[in-house]
Amino acid sequence: MTSTDQQPFLSVRDLKVHFSTEGGLVKAVDGLSFDLAEGRTLGIVGESGSGKSVTNLAILGLHDRARTAVGGEILLDGKELLTATERELERLRGNTMAMIFQDALASLSPFHTIGKQIGETYRKHTGASRSEARARAVEMLRRVGIPQPDLRVDDYPHQFSGGMRQRAMIAMALVCDPELLIADEPTTALDVTVQAQIVDLLKDLQQESGTAIVFITHDLGVIADVADDVLVMYGGRCVERGTKSEVLRTPQHPYTWGLLGSMPTLDGPVDVPLTPIPGLPPSLIDPPSGCRFHPRCAFAEKVPGRRCATDSPPLEITGGGRGAACHLTAAQRREFFADYATPQPH
Ligand code: SF4
């Protein structure tokens, strides 16, 4: 999805990721499509269990292949990833596509220095010598704002603060100048100040190199800061998508309204209570019939004939990639969102 005329660098079509568990077949992603152009950031937002992380594991080819059935198409610069061999995927990972996870400590080995870990990734993909790899590691640590990088390159992960470890992981992800970066909740474990620094760092690095970024988060505040386009996931499906401004300013789906209503804002009135979305995310083994959001939706009864409980609303895409999957009419959405968005003080 993009609002520009650029060709998509990443194109996902009707992606389905299903895996078996003792409890039954989990349909973690159930028919997801989007495009992402070079130099743009797609924010994927949703509660845990909405399918956002599973989507990205499938793009990277890191899902459990023995237990997982993946269908649809994932095209990276025209190459189909779902039929790629493990060897081809390994060459692409770190080189053309890279990832940053939430927990840098779990992703970095405690037994090797930061410099060795960044340098080894570089050597593996470029065949550089040890001294070239070390020089590249120092350069990358400088690029991500680590002070005294020529000294800190020999530190172990436990000698870095949480924010510095996250920067080191970004350095490792970007050491081969990937064209696609997948960042899965990369700032969730960090305090607000460091979170803002990491987001700024990613934006700067993207401007320098034109990397396409998929940024996964449950936090619409981070989305507001980092994304060009937004895709809202619920129960393994996209329920709304559009540019950041479209989704945040004129959201069309009651679930997005709920996410916005449960988010604190710095400039909002302090006496307006936050409204969490009632109920729990749906089971992905036995999802609700009709609209998967209907058991939690305050507007389901506004749709005639109880269709929300029986008919799955299609994601209707208009020009520019804007769309929402909801049975409410456009006029109803305007009316209900206007009511919903009007703050009600205590
Ligand atoms: Fe709510 Fe019905 Fe729209 Fe689903 S289709 S979001 S239940 S109004």
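The values are calculated or read from the model by the stated rules, or taken from the named source; none is laboratory data. Computed from a prediction, not measured in an experiment: that's the story for all the values here. Positions of Cβ are backbone-derived with ideal geometry, glycine not excepted, and every protein chain shown enters the neighbour counts.
How do the helices (runs of 4 or more DSSP H) wholly within region 121-204 filter down when requiring 2 or more residues that are surrounded by 20 or more Cβ atoms within 10 Å (Cβ to Cβ) and either modelled with pLDDT of 90 or more or not small (Gly, Ala, Ser) (or both): which remain?
130-143, 162-174
Let me spell it out: the conditions are (1) over 27 Å from residue 248 (Cα atoms); (2) assigned by TED's automatic domain parsing to the domain that holds residue 315, and residue 27 meets all of them except one. Which number is the exception?
Condition (2) is where residue 27 drops out.
Please determine, by comparing only the residues of region 294-318 that are small (Gly, Ala, Ser) and assigned to a helix (DSSP H, G or I), which one is farthest from the ligand (Cβ to nearest atom).
For region 294-318, the residue satisfying everything is 305.
Restricting the search to region 93-120, which residues are within 25 Å of residue 57 (Cβ to Cβ), free of Cβ contacts under 8 Å to residues at least 24 places away in the same chain and buried (at least 17 other Cβ atoms within 10 Å of the Cβ)?
Residue satisfying the conditions is 120 alone.
Going residue by residue through region 172-187, is there one that turns out to be touching a helix residue (DSSP H, G or I) at 6+ places or on another chain (Cβ under 7 Å) and hydroxyl-bearing (Ser, Thr, Tyr)?
Yes: region 172-187 contains one or more residues that are touching a helix residue (DSSP H, G or I) at 6+ places or on another chain (Cβ under 7 Å) and hydroxyl-bearing (Ser, Thr, Tyr).
Examine region 48-65 for a residue that is touching a residue at least 60 places away in the same chain (Cβ under 8 Å), of a type in the set (Ser, Thr, Tyr) and loosely packed, with under 14 Cβ neighbours inside 10 Å, and state whether such a residue exists.
The answer is yes, given that some residue of region 48-65 is touching a residue at least 60 places away in the same chain (Cβ under 8 Å), of a type in the set (Ser, Thr, Tyr) and loosely packed, with under 14 Cβ neighbours inside 10 Å.
Go through the residues of region 245-257 one by one and say whether even a single one is buried (at least 20 other Cβ atoms within 10 Å of the Cβ), at pLDDT 90 or above, within 11 Å of the ligand (Cβ to nearest atom) and β-branched (Val, Ile, Thr).
Yes, some residue in region 245-257 is buried (at least 20 other Cβ atoms within 10 Å of the Cβ), at pLDDT 90 or above, within 11 Å of the ligand (Cβ to nearest atom) and β-branched (Val, Ile, Thr).
Tell me whether region 72-84 contains one or more residues that are polar (S, T, N, Q), out of contact with any Asp or Glu (no Cβ under 9 Å at 6 or more places or on another chain), within 24 Å of residue 200 (Cα to Cα) and in a loop (DSSP other than H, G, I, E, B).
Within region 72-84, none of the residues are polar (S, T, N, Q), out of contact with any Asp or Glu (no Cβ under 9 Å at 6 or more places or on another chain), within 24 Å of residue 200 (Cα to Cα) and in a loop (DSSP other than H, G, I, E, B).
Quick one: how many residues across region 320-334 are more than 9 Å from the ligand (Cβ to nearest atom) and part of a loop (DSSP other than H, G, I, E, B)?
Filtering region 320-334 down to residues more than 9 Å from the ligand (Cβ to nearest atom) leaves 320-323, 329-331, 334.
Among the residues that remain, those that are also part of a loop (DSSP other than H, G, I, E, B) are: 322, 329.
Of the residues in that region, 2 qualify.
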